[in-house]
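Worksheet for the structure shown next.
The values are calculated or read from the model by the stated rules, or taken from the named source; none is laboratory data. A quick note: this is a predicted structure, and the numbers were derived from the prediction, not measured. With ligands, DNA and RNA removed, areas are computed over all heavy atoms of the protein, side chains included. Shrake-Rupley method; radii C 1.70, N 1.55, O 1.52, S 1.80 Å.
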Amino acid sequence: DTTTAAEVLALLRNAVDALGATVVMVTHDPAAAAYADRVLFLADGEIADSLPRATATEIASRMTALTAPAFARAAA
């Protein structure tokens, strides 16, 4: 559920900020990715782009831009 997800993400963020922990998270959820200091975007098994401390909207926009060419090729 979204409440528990937000609590877990806040705990992870706190572990990084207060304890100096490193957290690696894999997600397709822009809202979850927005908790990160740095977001790496993977496409076809390679790092395609990255954003430092971005909002969920910025992350979703970048995800859309990265997947748009793949959808265009598939439709052709």
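Some observations on this one:
- The candidates 24, 16, arranged from most to least accessible area with a 1.4 Å probe in the full protein assembly, appear as 24, 16.
- Using a probe of 1.4 Å on the protein chains alone, the accessible area found for residue 40 is around 80 Å².
- A Gaussian network model of the chain, with springs between Cα atoms under 10 Å, assigns the largest mean-square fluctuation among 17, 29, 49 to 17.
- Residues with amide H under 5 Å from that of residue 49, placed H, sequence gap 5 or more: 41
- Excluding ligands, DNA and RNA, the accessible surface per residue across the chain is 74 Å² with a 1.4 Å probe.
- Fraction of accessible area attributable to carbon and sulfur, the chain (%, probe 1.4 Å): 60 percent
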